1. Restricting the first residue to the range 6-22 and requiring it to be within 14 Å of residue 34 (Cα to Cα) and open to solvent by less than 20 Å² (accessible area, probe 1.4 Å), which pairs with a second residue that is of a type in the set (Asp, Glu) and at pLDDT 80 or above meet a Cβ separation below 8 Å and a spacing of at least six or different chains?
2. Given the criteria touching a Gly at 6+ places or on another chain (Cβ under 8 Å), under 30 Å from residue 60 (Cβ atoms), modelled with pLDDT of 85 or more and surrounded by fewer than 17 Cβ atoms within 10 Å (Cβ to Cβ), does residue 93 qualify?
3. Restricting attention to the range 194-228, which residues are of a type in the set (Ser, Thr, Tyr) and modelled with pLDDT under 85?
4. Being within 17 Å of residue 147 (Cβ to Cβ) and either exposed (fewer than 14 other Cβ atoms within 10 Å of the Cβ) or modelled with pLDDT of 85 or more (or both) is the requirement here; does residue 168 meet it?
5. Sort out which residues of the range 213-224 are open to solvent by 80 Å² or more (accessible area, probe 1.4 Å), out of contact with any Gly (no Cβ under 8 Å at 6 or more places or on another chain) and more than 14 Å from residue 191 (Cα to Cα), and write them in order of number.
6. Just need a number here: residues in the range 109-153 that are basic (Lys, Arg) and closer than 30 Å to residue 164 by Cα.
Amino acid sequence: MWPEEALALLGKVFDRVIAERFGISHSTVERVRNARGIKAFHEPVRIKACHEKKGWTAERIALLGADRDALVAKLLSTPVQQITAKRRALRIPAYRPTLREWTAEEIKLLGSRPDAAVARLANRSSYAVVKQRRALGIAPWSPRRVWTEEEMSLIGSRPDSEIAARLQTSPNRISALRAKHGIPRAKSGHVWTEEDVQLLGKVSDAEVARRLGLSTTVVRRARNCRGIAGVDPGNWGRNWSSLTKKADL
């Protein structure tokens, strides 16, 4: 037979508390409670009681739902679980930030610099910036090289590969830049002067390419066509002085 005291506690405390107090298994307590149609005791009921004991003033209640539960919890020095439970008990909806319209000045910033920088200037989250930029079909910011007039004057004067080597960029980028400005492709390759040829075989192909603004492949091809042996960089350590003297460097 179950003691009357145990039956009176069903649904008012946790099943495990009754089991421990009267030496009954947890499953037995649960079965007896269910047979009598008594709902199990839940933590939110206990939390609510604790809130009432601590006293929820009108000022404290007014903060519920006014901002994120985590921020309200920090302001009231209260666990966020208790803030959420109290707000739900009073049927106060969770905080939903009002979406601020994008101004024309803010839209101009999109894609003009990294999304994180735009977020700081517009006082918005990076997620909001990315979402708005994509909605307007604006490409993300990428560092762009500012081409000088002198560099632009070189484009089309020689093959794209040679200009790319001189300007330290890729041939594809030079080709795209040439097409953008309607610059025709160079009709002929590099014209090798006597001074240019004198460099072949006296310094490395890479060094000749750097000096003449050519690719290493173009220099190697020109040297091989003339039957000139290349310089072995591995011998530079012991032969550097002789090589530089021979090349008049």
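The values are calculated or read from the model by the stated rules, or taken from the named source; none is laboratory data. It should be emphasised that the depicted structure is a prediction, and the values quoted were computed from it without experimental measurement. Ideal geometry is used to build each Cβ from the backbone, glycine not excepted, and the neighbour counts take in all protein chains shown. Protein only, heavy atoms only, side chains kept; ligands, DNA and RNA dropped before computing areas. Shrake-Rupley method; radii C 1.70, N 1.55, O 1.52, S 1.80 Å.
1. 15/30
2. Values: touching a Gly at 6+ places or on another chain (Cβ under 8 Å): yes; under 30 Å from residue 60 (Cβ atoms): yes; modelled with pLDDT of 85 or more: yes; surrounded by fewer than 17 Cβ atoms within 10 Å (Cβ to Cβ): yes.
The answer is yes for residue 93.
3. The first filter runs over the range 194-228 and keeps only residues of a type in the set (Ser, Thr, Tyr), leaving 204, 215-217.
Result: 215, 216, 217.
4. Numbers: within 17 Å of residue 147 (Cβ to Cβ): yes; either exposed (fewer than 14 other Cβ atoms within 10 Å of the Cβ) or modelled with pLDDT of 85 or more (or both): yes.
Yes.
5. In the first step, residues of the range 213-224 are kept if they are open to solvent by 80 Å² or more (accessible area, probe 1.4 Å); the result is 220-221, 224.
Pick out the ones that are also out of contact with any Gly (no Cβ under 8 Å at 6 or more places or on another chain) and you get 221, 224.
If the condition is that a residue be open to solvent by 80 Å² or more (accessible area, probe 1.4 Å), out of contact with any Gly (no Cβ under 8 Å at 6 or more places or on another chain) and more than 14 Å from residue 191 (Cα to Cα), then 224 is the only one that fits.
6. Summing the residues that are basic (Lys, Arg) and closer than 30 Å to residue 164 by Cα in the range 109-153 gives 3.
A quick yes/no check of all residues on (1) at pLDDT 85 or above; (2) not in a loop (DSSP other than H, G, I, E, B):
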site	(1), (2)
116	yes, yes
120	yes, yes
124	no, no
129	yes, yes
141	no, no
147	no, no
150	yes, yes
176	no, yes
187	no, no
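This table checks each residue for (1) open to solvent by less than 40 Å² (accessible area, probe 1.4 Å); (2) more than 21 Å from residue 218 (Cα to Cα); (3) small (Gly, Ala, Ser); (4) without any contact (Cβ under 8 Å) to a residue 24 or more places away in the chain.
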{"residue": "112", "(1), (2), (3), (4)": "no, yes, yes, no"}
{"residue": "121", "(1), (2), (3), (4)": "no, yes, no, yes"}
{"residue": "127", "(1), (2), (3), (4)": "no, yes, no, yes"}
{"residue": "130", "(1), (2), (3), (4)": "yes, yes, no, yes"}
{"residue": "156", "(1), (2), (3), (4)": "yes, no, yes, no"}
{"residue": "161", "(1), (2), (3), (4)": "no, no, yes, no"}
